[in-house]
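What follows is calculated from the coordinates using simple rules that are stated; it is not laboratory data. Computed from a predicted structure; not experimentally measured. Cβ atoms come from the backbone with ideal geometry, glycine included; neighbour counts cover every protein chain shown.
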Amino acid sequence: MDSLELTAWTLVVVLVLLPALLRIGPVRRAAFRLGAAAVERLTPEPEVDQDALDLYRALRYERLQRDLDRLRRVLLTDETKSAVRQIGNRMAHDRLLHDLAELAEAGRSAPAAGPVARGRQPVRTQPAEAWPLPTAAPSALPTGGQHRPVVEVLELGRRR
């Protein structure tokens, strides 16, 4: 058997017999599993880009810090809001503190260009019970006028 004849028989098997065999369910599943395993072995693992990971963490830290600062301002002035809104604000505050603590546990220190380098104090994590409850009497809410109430949305967690 010469190489031309071997090539011809291989071509016949591939073009005629292989499609017929792949119509059988168990053979098809086994072929797909074998192909997936081969592709998995041949595909190299992607290298982790440490600079991109550090940038992601720094940007996430900055965003969480901005949200925490904004929420702290809201907590200082939410005595005129309903109790449910006040509890929700404190829950959001606790969640932001939890997310910041997770970043710290991941082995990440404050970013080089972050708040510490700019002279700001690092985040002090404290539970919601440490926040003072408003002692002033609630002020009267405006009942009419041109101004509509402003709804503030605070995004927590990962975007989907």
Condition check: farther than 17 Å from residue 156 by Cα and assigned to a helix (DSSP H, G or I). Does residue 54 satisfy that? yes
Within region 50-80, residues being polar (S, T, N, Q) and loosely packed, with under 12 Cβ neighbours inside 10 Å number 2
